[in-house]
Amino acid sequence: MRDLFDEVAGKSPLDPNEAVRRTSRAQLPKRFYKNASVAESEGGGFAVRLDDRPVKTPSRNALAAPDAALAEAIAAEWQAQGETIDPSTMPLTRLANSVIDGVTGRIEAVTDDIAKYFGSDLLCYRAAHPEELIAREAEHWDPVLYWAAEAFGAHFILAQGIVHAAQPETARAAARAALPADPWLLGALHVVTTITGSALLALALAHGRLDADQVWAAAHVDEDWNIEQWGLDEEVAARRAAKQAEFAAAAQVIAALGSRRS
């Protein structure tokens, strides 16, 4: 068990895109178990088991979740595997590995990594033209900025194009303070942030201001506009589908553990 995700998907990377890239380059191992199940862990939480044997993360921690339904969903990914084990079809398992091995014990560092996005958040950089795209961005993004200002006192500055706009330190600090301290929620928010390019959208999802579909739509306003104008080729569609699977897994964790927000 130790080397499975080391060799196939890397050592629990926080970057979901890198996990997918590594998986596509690796030879997939054969399935070696019949049944995946969940059992209460002595240390608390719910552990995933294969043929009643414990599963370990790449860093040899127990693969377990703090919520029974979440652990069952992880076990379902293992149960759904065919003759080979394909980690690219197991986004919840990869996220769990990342949280257990890479977030727990590193809350401050991961929080800092998310908070960097407040300095160059997607929602603060607007198109200069055409008018319809400008209006779409405003429709999806302005409510989140107004909410951040009202809820946390985080007032961000808007800019057009790609010219960097320095954000007030007070805004960045206020938004950072609203991030959760729970490692599972924080790990899920890290995935949402890196996929969307917006820590503000991740924050809105964590606090229930937007649901997962609204966040995905808001993060892809510009991309969807370009697709409408020029179409969508197969390669771009495949990358988007892979990212959406990672996003959905993170959103599932946030929905399951929302009561743990802090």
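Values as computed for the structure displayed
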read-out	value
All positions within region 32-53 that are surrounded by 14 or more Cβ atoms within 10 Å (Cβ to Cβ) and either touching a Phe, Trp or Tyr at 6+ places or on another chain (Cβ under 7 Å) or modelled with pLDDT of 95 or more (or both)	TYR33, ALA36, SER37, VAL38, ALA39, PHE46, ALA47, VAL48, ARG49, LEU50
One residue from ALA181, ALA188 being within 25 Å of the chain's Cα centre (by Cα), touching a residue at least 60 places away in the same chain (Cβ under 8 Å), outside any strand (DSSP E or B) and exposed (fewer than 14 other Cβ atoms within 10 Å of the Cβ)	ALA181
Residues located in region 215-227, provided they are part of a helix (DSSP H, G or I) and open to solvent by less than 40 Å² (accessible area, probe 1.4 Å)	VAL215, TRP216, ALA217, ALA218, ALA219, VAL221, TRP225
Given (1) in a helix (DSSP H, G or I); (2) touching a Lys or Arg at 6+ places or on another chain (Cβ under 7 Å), index of the condition ALA148 fails	(2)
Test result for TRP230, surrounded by 21 or more Cβ atoms within 10 Å (Cβ to Cβ) and of a type in the set (Phe, Trp, Tyr)	no
Residue check for HIS155: out of contact with any strand residue (DSSP E or B) (no Cβ under 7 Å at 6 or more places or on another chain), in a loop (DSSP other than H, G, I, E, B) and either at negative phi or among the small types (Gly, Ala, Ser) (or both)	yes
Whichever residue in region 151-178 is under 24 Å from the mean Cα position of the chain (by Cα) and open to solvent by 60 Å² or more (accessible area, probe 1.4 Å) and, among such residues, is farthest from ALA249 (Cα to Cα)	ARG172
Which listed residue is under 19 Å from ARG126 (Cα atoms) and either in contact with a Leu (Cβ under 9 Å, 6 or more places away or on another chain) or of a type in the set (D, E, K, R) (or both), from ALA212, ALA206, ALA202, ALA249	ALA202
Filter result for LEU28 (closer than 15 Å to VAL191 by Cβ and either among the aliphatic types (A, V, I, L, M) or in contact with a helix residue (DSSP H, G or I) (Cβ under 6 Å, 6 or more places away or on another chain) (or both))	no
Region 61-85: number of residues that are in a loop (DSSP other than H, G, I, E, B), open to solvent by 20 Å² or more (accessible area, probe 1.4 Å) and either touching a strand residue (DSSP E or B) at 6+ places or on another chain (Cβ under 8 Å) or at pLDDT below 95 (or both)	4
Number of positions in region 101-144 that are open to solvent by less than 20 Å² (accessible area, probe 1.4 Å), farther than 26 Å from THR57 by Cβ and assigned to a helix (DSSP H, G or I)	8
Matching option when the condition is open to solvent by less than 20 Å² (accessible area, probe 1.4 Å) and in contact (Cβ under 8 Å) with a residue 12 or more places away in the chain, among ALA212, ALA202	ALA202
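The values are calculated or read from the model by the stated rules, or taken from the named source; none is laboratory data. Note that the structure is predicted; figures quoted are calculated from it, not measured. Ideal geometry is used to build each Cβ from the backbone, glycine not excepted, and the neighbour counts take in all protein chains shown. Areas reflect the complete protein model, heavy atoms only, side chains present, ligands, DNA and RNA absent. Shrake-Rupley method; radii C 1.70, N 1.55, O 1.52, S 1.80 Å.
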